[in-house]
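Read through the structure below, which is laid out as structure tokens, and then see the notes.
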Ligand code: FES
Ligand code: FES
């Protein structure tokens, strides 16, 4: 009974509500006209396909940064000499004093491949990934310091990502290829043990990247 | 069947290819010198040589050993012909319980092969094995002694 009464009341209130809405719309529309409808609509109308592309591109780049900053990516893209381990708030420096070393592959005697082989190791829980041309050879290593992403703003991250001097001579299209095929990148979607994989699918990530490049690979200026 | 060279001899094992090398060495091949500490590539007790580098054998599926050369503590030297690092270990009376020591010795040998005169910092960076008895200072001393002895020999 109660339910019925409530719905009746609601029904009865509707015309009043609509009335209020119409009045509100009317007043706001006139205010809009008075306050400068011309300039606002001009600005809106003059947006060019190029500007639209740029906005879309920037939006897509924000999605890209979410993946790049995920623990599976950024843990091996540190801006210092120490790889990280762990997910989210639990991220910490790699245990056992593991360091970058002169070639991004660890210190003499403590190299990445002393423990990380070319596949995830379910017995020890140690992750691994192969070289693209040799499934038995471990590719485990850190991204070079010039590709350190920790602590960067979106603008700094974008600038660094696009700078051929720092990214190993890659243009945006090459970046997409790298993200498509590199076994270390792909590992982010198959990290083994209880590590959190990248939350969006790899296919979706590539689609986002491709559209970002197609819309001009824009990154924020600040 | 997986074949590899172990301490200078060809061996064949029938273990599941994903079995950690550590268990193949200890259980299938009967070489108990390589120890199990953590099973997670952290403590270094299971360190062996793979060609010119070290691997933590608890985290090394035996299939990756196919066609390679593996050396364990048993292949380093024996009571009659001690390896120079083993001799330094005795000279400095390093071990306490001894459990972690084969791993340390194997790591120290490879460090000295590539850096014959390591500093304290080089040792800290290169050897991150764990010793529950806390023999670290004697281990460092023995590495310096071995380095001196290697120099004197050459
Ligand atoms: S048992 Fe292999 S590192 Fe601890
Ligand atoms: S001597 Fe006992 S654990 Fe190292």
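FYI, it's all coordinate maths here, none of it is from the lab. These numbers come from a predicted model, not from an experiment. No Cβ is skipped: glycine too gets one built from the backbone with ideal geometry, and neighbour counts run over all protein chains shown.
Comparing B:123, B:70, B:90 in a Gaussian network model of chain B (Cα springs below 10 Å), the most mobile by mean-square fluctuation is B:90.
Ratio of Rg to Rh for region B:2-76: 0.91 [Cα atoms; Kirkwood radius as inverse mean 1/r over pairs]. When the distances between all Cα atoms of the protein assembly as shown are binned every 10 Å from zero, what whole-number percent does each bin get? Histogram of Cα-Cα distances, whole percents per bin: 5, 19, 22, 17, 13, 9, 5, 5, 4, 1, 0.
Helices in chain B, meaning DSSP H runs of at least 4 residues, each add -39500 (n - 2.57). Divided by all residues, the mean residue ellipticity at 222 nm is -9500 deg cm²/dmol. Take each residue in B:33-42, count the other chain C-beta atoms within 10 Å of its C-beta, and the mean is 3.
Between residue A:81 and residue A:189, the contour length at 0.36 nm per residue exceeds the Cα-Cα span by 36.4 nm.
Placing dummy labels 7 Å off each Cα toward the beta-carbon, the span from residue B:82 to residue A:171 is 6.5 nm. Across peptide A:110-119, the average count of Cβ atoms from other chains found within 10 Å of a residue's Cβ is 6.
Evaluated at q = 0.12, 0.14, 0.15 Å⁻¹, the base-10 log of the normalised Debye intensity for chain B, with identical point scatterers placed on the Cα atoms, takes the values -0.48, -0.66, -0.75. Please identify which residues in region A:178-208 have an amide N closer than 14 Å to a label point set 7 Å out from the Cα of residue A:59, following the Cα→Cβ vector. Taking a point 7 Å out along Cα→Cβ of residue A:59, the residues of region A:178-208 whose backbone N falls under 14 Å are A:208. The distance between label points at residue A:122 and residue B:152 comes to 5.3 nm (points 7 Å beyond Cα on the Cα→Cβ vector). Taking other C-beta atoms within 10 angstrom as a stand-in for reagent exposure, B:64, B:99 fall in the order B:99, B:64, fewest first.
One chain, two ends: residue A:146 and residue A:66. Fully extended at 0.36 nm per residue, the span grows by 26.8 nm beyond their Cα-Cα distance.
With the simple spin-label model, which puts each label point 7 Å out from Cα in the Cβ direction, the residue A:180 to residue A:163 separation comes to 2.7 nm. Kirkwood radius and radius of gyration were both taken over the C-alpha atoms of region B:84-153, and their ratio Rg/Rh is 0.92. Calculate, for residue B:130 and residue B:3, the FRET efficiency according to 1/(1 + (r/R0)^6) with r their C-beta to C-beta distance and R0 51 Å; round to the nearest 0.05. Here the calculated transfer efficiency is 0.95.
Quote the FRET efficiency, to the nearest 0.05, computed for residue A:103 versus residue A:52 with a Förster distance R0 of 51 Å and r equal to the Cβ-Cβ distance. Calculated value: 0.70.
A protection proxy built from the mean count of other Cβ atoms within 10 Å ranks the segments B:26-37, B:103-114, most packed first, as B:103-114, B:26-37. Relative to the longest principal axis of the Cα atoms of chain B, the long axis of helix B:136-153 makes an angle of roughly 80 degrees. Taking the inverse of the mean reciprocal distance over all distinct Cα pairs, the Kirkwood hydrodynamic radius of region A:152-209 comes to 12.7 Å. Counting Cβ atoms of other protein chains within 10 Å of each Cβ in B:54-62 and taking the mean gives 5. Sorting A:53-59, A:205-211, A:73-79 by average packing, meaning the other beta carbons within 10 Å per residue, from highest down gives A:73-79, A:205-211, A:53-59.
Over region A:74-117, all Cα pairs binned in 5 Å intervals from 0 give whole-percent P(r) values of 6, 23, 33, 25, 10, 3, 0, listed from short to long. Axis angle, to the nearest 10 degrees, between helix B:101-114 and the longest C-alpha principal axis of chain B: 70 degrees.
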